[in-house]
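A quick write-up on the structure given underneath.
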Amino acid sequence: MSETPAFHVDTILVSAGRPAHVPGGPVNPPVVLSSTYIPDAAVNYARVGNPTWDAFEAAIGELEGGRALVHASGMGAIAAALALVPPGGTIVAPDTTYNGTVLLLEDFEKAGGTVRRRHATDTEGFVADLAGADLVWLESPTNPLMDVMDLPAVLDAARSQGVLSVVDNTLPTPLGCRPLSLGADVVVHSATKYIAGHSDVLLGVTVVASDERGSELGTRLHRHRTLHGAIAGPMEVYLGLRGLRTLGVRYERACASAAELAARLEGHPALERVRYPGSGAMLSIDVAGDADAAERVCAATRVWLHSTSLGGVESQLERRRRQPAEPATVPPNLVRLSVGIEHVEDLWTDLDRALRTVL
Ligand SMILES: *Cc1c(COP(=O)(O)O)cnc(C)c1O
């Protein structure tokens, strides 16, 4: 038997999770709408498993280099990952991270747990805080400040101290970063964003390594999903897999346009600051002036959609402090841009015109 060749990631995106190639077989996984199954197999109820999930999970697992579980939303995945910490335990986290995570960490503190917060780029601080901690939460670049963390350094230190590590890999996607290969224990995604890619479903994913430690964590995450019931509908998961098929071309286009826009925005008279992490499809801009000026920019675009969320084919922008839960570390005049796949010249013209309305 010859070894299975290692395919390029673009090929995995298109081919992973397909049904077996048999005469007359479908090329896509069926959407299995059944709450229960005939007994005497591993799965006999659909809160525990579903064949449509299996296809999606196989594809994400292959991309991240581990074993994936699909959840009802990114927050469903994040809640399952945070539940790996014992009550009253200690979590190390960035002071600015996705705002749903911020709120869950606050709840964890209210329930008697400890959270040690550091600025995302304070690598030494993160490493020092690992002593005696149960879990370290990582996100890079951070949403929406676009700070880049030193993942290899923190993950190395966490591993050597036996601290569980979780990476929210939503922004880089599996194409930009594969945290398991850097030593992370758990990867989470809001698959609502780039993976599904069309702003039409909510989905989340957790991924663990395929080794013994990963398998123990995977069992606990699966138990959380099953017993808390935050499970995804089969149709949503099918759409997630369908979206994943084009992630390669979508992300390539979006990243190229983001780099071009970041370069053109640098020094723009209507901006105080451009926050571009150097790669990826997101950037944030601090509009010169107050929150009101930033709001006026958001209201003035025609191509860019003024909406929360990110990672869709359509470009979106939002003044993040509109969200009541957004940490005060985010400036009130910061507008987050999620670059989609429209023509870059149209994106530029629209944004530049909207920015000039506040000059
Ligand atoms: C959107 C988002 C989440 C939450 O995902 P939902 O699918 O909305 O529940 C988590 N982390 C990041 C970085 C996100 O952008």
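The values are calculated or read from the model by the stated rules, or taken from the named source; none is laboratory data. Since we're looking at a predicted model, the values are computed, not measured. FYI the Cβ positions are ideal-geometry reconstructions off the backbone, even for glycines, and counts take in every protein chain you see. What goes into the accessible areas is simple: the full protein's heavy atoms, side chains included, and nothing from ligands, DNA or RNA. Shrake-Rupley method; radii C 1.70, N 1.55, O 1.52, S 1.80 Å.
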### Message
Of the residues Leu33, Leu69, only one is assigned by TED's automatic domain parsing to the domain that holds Ile231, modelled with pLDDT of 95 or more and surrounded by 20 or more Cβ atoms within 10 Å (Cβ to Cβ); which?
### Response
Leu69
### Output for the stretch 324-345, where each listed residue is at pLDDT 95 or above and more than 21 Å from Tyr194 (Cα to Cα)
Val330, Pro331, Pro332, Asn333, Leu334, Glu345
### Message
Taking the criterion of being more than 12 Å from the ligand (Cβ to nearest atom) and open to solvent by 30 Å² or more (accessible area, probe 1.4 Å), would at least one residue in the stretch 93-104 satisfy it?
### Response
yes
### Query
In this structure, does Ser210 turn out to be away from the ligand (no atom under 16 Å from the Cβ), in contact (Cβ under 8 Å) with a residue 40 or more places away in the chain and either in contact with a helix residue (DSSP H, G or I) (Cβ under 9 Å, 6 or more places away or on another chain) or closer than 26 Å to Pro30 by Cβ (or both)?
yes
### Message
For the stretch 274-284, check the following and say yes or no: at least one residue is small (Gly, Ala, Ser), modelled with pLDDT of 95 or more, within 16 Å of the ligand (Cβ to nearest atom) and in the same structural domain as Thr173 (by TED's automatic domain parsing).
### Response
no
### Query
Going through the stretch 68-87 one residue at a time, which ones are out of contact with any strand residue (DSSP E or B) (no Cβ under 8 Å at 6 or more places or on another chain) and away from the ligand (no atom under 11 Å from the Cβ)?
Ala83, Pro86, Pro87
### Query
Quick check, is Arg18 over 20 Å from the mean Cα position of the chain (by Cα), basic (Lys, Arg) and either open to solvent by 80 Å² or more (accessible area, probe 1.4 Å) or assigned by TED's automatic domain parsing to the domain that holds Arg225 (or both)?
yes
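Let's see how each residue does on (1) over 24 Å from Gly183 (Cα atoms); (2) open to solvent by less than 20 Å² (accessible area, probe 1.4 Å); (3) touching a residue at least 40 places away in the same chain (Cβ under 8 Å):
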| site | (1), (2), (3) |
| --- | --- |
| Val127 | no, no, no |
| Ala131 | no, no, no |
| Asp134 | no, no, yes |
| Leu138 | no, yes, yes |
| Thr142 | no, yes, yes |
### Query
Name the pairs whose Cβ atoms lie under 6 Å apart, with the first residue in the stretch 91-110 and more than 17 Å from Val154 (Cβ to Cβ), the second at pLDDT below 95, and 6 or more positions between them or separate chains?
Tyr98/Asn143; Asn99/Gln323; Asn99/Ala325; Asn99/Glu326; Val102/Pro327; Leu103/Ala325
### Task
Provide a single number: the residues in the stretch 269-300 that are over 17 Å from Leu145 (Cα atoms) and open to solvent by less than 20 Å² (accessible area, probe 1.4 Å).
4
### Query
Only one of Ala128, Ala133 is at pLDDT 95 or above, closer than 16 Å to Leu164 by Cα, more than 16 Å from the ligand (Cβ to nearest atom) and part of a loop (DSSP other than H, G, I, E, B); which?
Ala133
### Query
Do you know which residues across the stretch 334-359 are in a loop (DSSP other than H, G, I, E, B), of a type outside the set (Val, Ile, Thr) and over 24 Å from the mean Cα position of the chain (by Cα)?
His343, Leu359
### Query
Which pairs do you get when a residue that is of a type in the set (Asp, Glu), found in the stretch 279-298, comes within reach of a residue that is in a helix (DSSP H, G or I) and at pLDDT 95 or above, reach meaning Cβ atoms under 9 angstrom, with the pair 6+ apart or on two chains?
Asp286/Ala294; Glu295/Arg322
### Task
Taking the options Leu351, Leu337, Leu283, name whichever one is farther than 22 Å from Thr173 by Cβ and of a type outside the set (Asp, Glu).
Leu351
